[in-house]
Amino acid sequence: MLTELQDMQARLNATPHLLRLGRLFTETVQLRVDGDEYYLSFDQGRLVQITEGPSRKTPYRFALVTDADALHRFWELRPEPGFHDIFGLVKIGRGRIEGDILTLVKNLRFFKEFMALGRWKEAAA
Amino acid sequence: MSIEPITGRYVTVTVGDAPRRIYFEEAGQGTPVLCLHTAGADTRQWRHLMNDAEITATHRLIAFDMPWHGKSLPPEGFETQEYLLTTEAYIDTVLAVIDALELDRPVLAGCSMGGRIALQLAALHPDRFGGFIAIEASDFQPAWYDIDWFHRPDAHGGEMGAALVSANISPYAPEAERWATLWMFMQSGPGVFRGDLSFYTQDDSLIGRLDRIDTGRTPVHLIVGAYDLTCTPEDAQRTAAAIPGATIAVMDELGHFPMSEHPEGFRPFFADALERMATHSARAD
């Protein structure tokens, strides 16, 4: 999972329109996949650090909790219904949003497009 | 150069006791089909079907922007009002447009909240219509989000609304159409999407009215996309099952805004729905 996230980090930091969309987004997001914690630290839209957990001391604004199978199905080029969106994962019981959801909603396009960057890898495979 | 066959005009109607200046578009000749847009959007959602020469050869498609939406201004004094759509105001507006345009028992095609009101009209005013095409429509949908997110002084409700509803667009939708569909939400006036959602997510009065719908008199056909998270196929199937004689089609590769997000994918389903309306009408004659 760390490799996938590092690939997404490189893609984000090379995608001008996402950096523009995320220019006010300076937050840490926790991604929890099958219980494994990853802390994604964004600075003005740039993903500057990925830290593996577990950690009880790292503050984060919100968390996306899911499992690796769901995430890989989300990253398919044409995901099945429900796996096509992070709120879809929530709707079908394969994901959960925790924490400050309003901050997520205010930056929803940015965060959704960041999460979807994993689809580029699936397209290339 | 190509000039599209769609024409747009304005009509002023009275809803409640106040005038409403309403923008409407139309194309084609034949059986009138009144098309209703979704929450937070406008008539442009129907642009592809209104430009479809085969469909408009036998059907007159008419679509209008609800007050507060698109090119229909909000009523005078809106600056101090909280916009909250109600079933009653929505019904009154649709009937007022039908009267003003002198439409004779049009087919009513509505999507999302437009589909919900189509089913309300099927229950309450069936004599005014030739049939109902309820797209992404169900008896009731409680919100899986906080509708107040979309009207706040510290954030752009339109951009947040677009980001949310993108969850309802199919990955099969062409990118250009996906973003044209989302643009309408981005352009939506402050508080308008929230006011539409207030109607859509809080008024459950249709549930108790479904059994009044007489599909022997006026046909009801539901269409739902598999990628619709808001009105899922299960929601639409539950609704169709509660209306004796209603028919339903599930679109495997479409979402909540099929006529706008993926016009080619939606076209055969809409043509089939129109055919069902015509067949019923011919039988009744």
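The phi-based Karplus calculation (6.51 cos²θ - 1.76 cosθ + 1.60; θ = phi - 60°) puts the 3J(HN,Hα) values of the range A:35-51 at x, 7, 9, 10, 9, 9, 9, 9, 10, 6, x, 8, 7, 9, 7, 10, 10 Hz, whole numbers, x for Gly and Pro.
Residues whose amide H comes within less than 5 Å of that of residue B:137, counting only those at least five positions distant or on another chain, are B:112, B:223 (H built at 1.01 Å from N in the peptide plane). The calculated FRET efficiency for residue A:23 paired with residue A:92, based on their beta-carbon distance and R0 = 56 Å, is about 0.95. Comparing B:18, B:57, B:122, which has the greatest mean-square fluctuation in the GNM of chain B with Cα pairs linked when under 10 Å apart? Between B:18, B:57, B:122, it is B:18 that shows the largest mean-square fluctuation. Across the range B:1-152, Cα pairs under 8 Å and at least six residues apart give a relative contact order of 22 percent. Compactness of the protein assembly as shown, taken as the C-alpha radius of gyration over 2.2 N^0.38 Å, stands at 1.03. With a ≥ b ≥ c taken as the square roots of the eigenvalues of the C-alpha gyration tensor of the range B:7-284, please select rounded if a/c is under 1.5 and otherwise prolate if a/b is larger than b/c or oblate if it is not? The shape class here is rounded. Need one word for the range B:1-82: rounded, prolate or oblate. Basis is the Cα gyration tensor (sqrt eigenvalues a ≥ b ≥ c); a/c below 1.5 gives rounded, then a/b vs b/c decides. Taking the square roots of the gyration eigenvalues as a ≥ b ≥ c, the range B:1-82 is prolate.
Among B:42, B:17, B:148, the largest mean-square fluctuation in a Gaussian network model of chain B (Cα springs under 10 Å) belongs to B:17. Fully extending the segment from residue B:175 to residue B:86 would add 28.7 nm, taking 0.36 nm per residue of separation and subtracting the current Cα-Cα distance. Exposed loop sites here are trypsin sites (Lys or Arg not before Pro) assigned a DSSP state other than H, G, I, E or B and surrounded by at most 15 other beta carbons within 10 Å; excluding them, the longest clear run of chain A is A:58-125.
Per residue of peptide A:106-115, the mean number of Cβ atoms on other chains within 10 Å of the residue Cβ is 4. For B:12, A:66, B:218, B:87, the sequence from fewest to most other C-beta atoms within 10 Å is B:12, B:87, A:66, B:218.
Just to check, using Stokes-Einstein with a Kirkwood Rh over alpha carbon pairs, what's the diffusion coefficient of the range B:138-268 at 25 °C and 0.890 mPa s in µm²/s? Before the final figure, lay out each step's value.
On the way: Rh = 15.9 Å.
Roughly 155 µm²/s, to the nearest whole number.
The label-point distance for residue B:205 and residue B:183, in a model that sets each label 7 Å from Cα toward Cβ, rounds to 3.7 nm.
What is chain A by shape, rounded, prolate or oblate, if you read a ≥ b ≥ c off the alpha carbon gyration tensor as root eigenvalues and call it rounded for a/c under 1.5, prolate for a/b larger than b/c, and oblate otherwise? Verdict is rounded for chain A.
Every read-out reported here was derived from the displayed coordinates using simple, explicitly stated rules and does not represent laboratory data. For clarity, every value in this text was computed on a predicted model and none was experimentally measured. For neighbour counting, all protein chains shown are included, and Cβ atoms are generated from backbone atoms with ideal geometry for every residue, glycine included.
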